[in-house]
1. Subtract the Cα-Cα distance of Thr261 and Arg218 from 0.36 nm times their separation in residues, and report this length gain in nm to one decimal.
2. Any of Lys268/Lys289; Lys125/Lys302; Lys70/Lys130; Lys81/Lys302; Lys39/Lys119; Lys130/Lys289 with alpha carbons more than 30 Å apart? Name them for me.
3. Averaged over all directions, how much area does the convex hull of the C-alpha atoms of the range 12-98 cover when projected, in nm²?
4. Simple spin-label model, 7 Å along Cα-to-Cβ: Asp100 to Asn337 in nm?
5. For the range 232-328, give the magnitude of the charge dipole about the Cα centre (Cβ charges: +1 Lys/Arg, -1 Asp/Glu; no others), in debye to the nearest 20.
6. Compute from the Cα atoms of the range 200-344 the Rg and the Dmax, the latter being the longest Cα-Cα distance, and quote both in angstrom.
7. Need one number for the range 259-303: average projected area of the convex hull over its C-alpha atoms, nm².
8. Modelled label-to-label distance, Arg52 and Asp325, 7 Å Cα→beta-carbon offset: nm?
Amino acid sequence: MKTERMKEERTPDSGDIHLAFQDPRLFRDLLGQHDEHLKIIRRSFGVKIHVRGSEMEISGDLVESELASKIIRQLYALLEKGYPVYVSDVDYAIRILSGDNRANLQDIFLDTIYISSHKHVITPKSVAQKAYIDAIRRYDIVFGIGPAGTGKTYLAMAMAVAELTKNNYARIILTRPAVEAGEKLGFLPGDITEKINPYLRPLYDALHDMVDFDKAHRMVERGTIEVAPLAFMRGRTLNDSFVILDEAQNTSPEQMKMFLTRLGYGSKAVITGDATQIDLPAGKLSGLKEAWRILNGIEGIKFVTFSERDVARHRLVQDIISAYDRAENQTAAENNNQSNKSAS
């Protein structure tokens, strides 16, 4: 007779949910160090969770208890598949299932994109991130648009390195516009390379997080991986290349058109940017926004949008983005009201 791996029972009168788990070791991993995973779930849903042996009882609001139970059961199922659940994964799971309680964490977390030189497994951490990597696999041109910290560039980089490892592309090209935000290039010390390097540093950082430093250096020296400012793309045809344009909100429409028309045979382009963080001079149109308007709906081109729910950084970053968005919307509404009063 087959033993149940996990059992759920409900108390009809109180609505309490009773969960029993077969594997004590996995159950300890589920709870987290010093029960940290359970503490996060308790705080997030305002439910009570009592643990005894390898069993737990969830009580509180019926809807919140149901959601907490679903998250706990899906996290345990991930552990059974050999996926190591960390505190950050509990945060991601709460965000995912709070946004869509029909989501399946296994479909997202078990989609391994790449295993870095540090043995770090890179996987999507939200529904939008999963849609993004699926789009990169399927389409030749993909736009990832959303706030900072949503993994747009990092996941694109992981996909690029994975594809290069499989010999699906001959080289990776990483580029971004060198837009001055507060400092003029001419006033910075050093030659042109030293002036430009600070703009490219985030791309190098992401690359070194995935590939051993010495190996990455050799690949850059051989031209297998090229990191360059966008201006260096002019006049080139990029064949058999996986090309990533980062910070695309700071391109002009002319630069964006130039970049998109560089794509040659057997190549793929991923364009990332945050349409709310434009550093261009006032009144200058963003090439990312223009491309979104002109190209959306063209077959073979895919736009994937992210929100603060997809932020894959410290949990406070999501709250910070939301707070700034609320403040900007409030300021815009107040300015609009003042304009209406002045007009009347």
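1. Taking 0.36 nm per residue and subtracting the Cα distance, the gain is 12.6 nm.
2. Over 30 Å apart, Cα to Cα: Lys81/Lys302.
3. Mean shadow area of the hull around the Cα atoms is 5.3 nm².
4. In this crude spin-label approximation the distance works out to 3.7 nm.
5. For this selection, approximately 260 debye.
6. In Å, with Rg to one decimal and Dmax whole: 19.2, 67.
7. 3.9
8. My value for the distance between the label points is 4.3 nm.
None of the figures in this text is laboratory data; all of them are computed from the coordinates on show. The model shown is predicted, which means the values in this text are computed figures rather than measured ones. Cβ: placed from backbone, ideal geometry, glycine included. Neighbour counts: every protein chain shown.
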